[in-house]
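Let me begin by presenting the structure, written as structure tokens, before commenting on it.
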Amino acid sequence: MSLSEIETRIDDATRKAGRAREDVTLIAVSKVQPDARVEAVLNEGHRVFGENRVQEAQGKWPGFAERFAGVELHLIGALQTNKARAAMELFDVIHTLDRPKLARTIARLAQEMGRCPDLFIQVDIGNEDQKAGIACDALDDFVTECRGLDLPIRGLMCIPPVDDDPSAHFETLAAMADRNGLDGLSMGMSADFEAAIAAGATHVRVGSAIFGARDYD
Ligand SMILES: *Cc1c(COP(=O)(O)O)cnc(C)c1O
């Protein structure tokens, strides 16, 4: 597949859902992809990208950002507290705020740096023991805590359990955002971004469907 095909499918999905195209941001997930593939997508005019590791992004994006104006970078992978400063320096948006300690660290650094990326709270929507994300039943208190820290919380993010029908989880996340007065919904990947758009996604994170399969060797 390609960027233009994904754009067409997003157009169709938003139209079907009766939503405006500009209400959905396509994050092209470039983790692990060779530079040549990323550069091809930049040359097509796309500027919004997602990475899941701070270190990998540090190696790759400052160079691209010098050559291509208007790059917007989203961190979509787990964030260790000791990498928070580096992440805040590099990323425009962090989708993986998922625990009080990290919230307090980001708040302290934001004071120090005088700026803070937009933040999404990652929710462990399937209540999976091993999965990142704040527990569903702890979410509302966590949103309140983050607001008390003056953090710019824009919305919620989830990765549904692989074996489940994602739509029910997307609907649940949308309801959680709604009851917390949050507009942003970061949900939907290559296999299910259309279902996510139907459920109200504002940010879809699409990797392999744009760039091809990731080669981890
Ligand atoms: C890798 C990744 C994606 C993109 O996955 P694809 O299936 O390649 O579209 C989306 N979100 C997160 C959190 C990821 O780690």
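The values are calculated or read from the model by the stated rules, or taken from the named source; none is laboratory data. This is a predicted model, so every value here is computed, not measured. Here the Cβ positions follow ideal geometry from the backbone for every residue, glycine too, while neighbour counts run over all protein chains shown. Only protein heavy atoms, including side chains, enter the accessible area calculation; ligands, DNA and RNA are left aside. Shrake-Rupley method; radii C 1.70, N 1.55, O 1.52, S 1.80 Å.
What are the residue pairs meeting all of these: first residue in segment 87-98, first residue more than 14 Å from the ligand (Cβ to nearest atom), second residue modelled with pLDDT of 95 or more and part of a strand (DSSP E or B), Cβ atoms under 6 Å, and 6 or more apart or on different chains?
Within 6 Å, the pairs are A87/L75; D92/E72; D92/L73.
Considering only segment 118-154, state which residues are assigned to a loop (DSSP other than H, G, I, E, B), free of Cβ contacts under 8 Å to residues at least 40 places away in the same chain and not acidic (D, E).
Pass one, segment 118-154, residues assigned to a loop (DSSP other than H, G, I, E, B): 125-133, 149-152.
Going one step further and asking which of them are free of Cβ contacts under 8 Å to residues at least 40 places away in the same chain, we end up with 127-131, 133, 152.
Within segment 118-154, N127, Q130, K131, G133, P152 qualify.
Given the residues L149, L156, L75, L102, which is the only one that is over 18 Å from the mean Cα position of the chain (by Cα), within 21 Å of L182 (Cα to Cα) and hydrophobic (A, V, I, L, M, F, W, C)? Give the derivation first.
Numbers: L156 fails: over 18 Å from the mean Cα position of the chain (by Cα); L75 fails: over 18 Å from the mean Cα position of the chain (by Cα); L102 fails: over 18 Å from the mean Cα position of the chain (by Cα).
One residue alone meets the criteria, L149.
Are any residues in segment 26-75 out of contact with any strand residue (DSSP E or B) (no Cβ under 8 Å at 6 or more places or on another chain), within 16 Å of the ligand (Cβ to nearest atom) and of a type outside the set (D, E), and if so, which ones?
V32, Q33, P34, R37, R53, Q55
Restricting attention to segment 198-217, which residues are away from the ligand (no atom under 14 Å from the Cβ), in contact (Cβ under 8 Å) with a residue 12 or more places away in the chain and more than 14 Å from the chain's Cα centre (by Cα)? I'd like the intermediate steps shown before the answer.
Filtering segment 198-217 for residues away from the ligand (no atom under 14 Å from the Cβ) gives 198-200, 202, 217.
Now narrow it down to the ones that are in contact (Cβ under 8 Å) with a residue 12 or more places away in the chain: 198-200, 202.
Of everything in segment 198-217, those that are away from the ligand (no atom under 14 Å from the Cβ), in contact (Cβ under 8 Å) with a residue 12 or more places away in the chain and more than 14 Å from the chain's Cα centre (by Cα) turn out to be A198, A199, G200.
If you scan segment 172-197, which residues turn out to be free of Cβ contacts under 8 Å to residues at least 24 places away in the same chain, open to solvent by less than 10 Å² (accessible area, probe 1.4 Å) and part of a loop (DSSP other than H, G, I, E, B)?
Answer for segment 172-197, where residues must be free of Cβ contacts under 8 Å to residues at least 24 places away in the same chain, open to solvent by less than 10 Å² (accessible area, probe 1.4 Å) and part of a loop (DSSP other than H, G, I, E, B): just G188.
Take the residues of segment 173-196 that are closer than 22 Å to V41 by Cα and in contact with a Gly (Cβ under 9 Å, 6 or more places away or on another chain): which is farthest from the ligand (Cβ to nearest atom)?
Looking only at segment 173-196, we keep the residues that are closer than 22 Å to V41 by Cα, and these are 186-194.
Subset that is in contact with a Gly (Cβ under 9 Å, 6 or more places away or on another chain): 186-187, 189-190, 194.
Details: S186: 8, M187: 9, M189: 4, S190: 3, E194: 12 Å.
This residue is E194.
Restricting the search to segment 19-29, which residues are over 17 Å from E5 (Cβ atoms) and not in a helix (DSSP H, G or I)?
Filtering segment 19-29 for residues over 17 Å from E5 (Cβ atoms) gives 19-20, 22-23, 25.
Correct list: R19, A20, T25.
Any residue in segment 47-58 that is closer than 22 Å to Y216 by Cβ, at pLDDT 95 or above and loosely packed, with under 13 Cβ neighbours inside 10 Å?
Taking segment 47-58 as the starting set, the residues that turn out to be closer than 22 Å to Y216 by Cβ are 49-58.
Adding the requirement that they be at pLDDT 95 or above leaves 49-58.
Okay, now just the ones that are also loosely packed, with under 13 Cβ neighbours inside 10 Å, so 55.
Within segment 47-58, one or more residues are closer than 22 Å to Y216 by Cβ, at pLDDT 95 or above and loosely packed, with under 13 Cβ neighbours inside 10 Å.
Residues that are aliphatic (A, V, I, L, M), within 16 Å of the ligand (Cβ to nearest atom) and open to solvent by 10 Å² or more (accessible area, probe 1.4 Å): does segment 144-160 have at least one?
Step one: filter segment 144-160 for residues aliphatic (A, V, I, L, M), giving 149, 151, 153, 156-157, 159.
Filter again for within 16 Å of the ligand (Cβ to nearest atom), leaving 156-157, 159.
When the remaining residues are screened for being open to solvent by 10 Å² or more (accessible area, probe 1.4 Å), the result is 159.
Checked against the condition, which is being aliphatic (A, V, I, L, M), within 16 Å of the ligand (Cβ to nearest atom) and open to solvent by 10 Å² or more (accessible area, probe 1.4 Å), segment 144-160 yields at least one hit.
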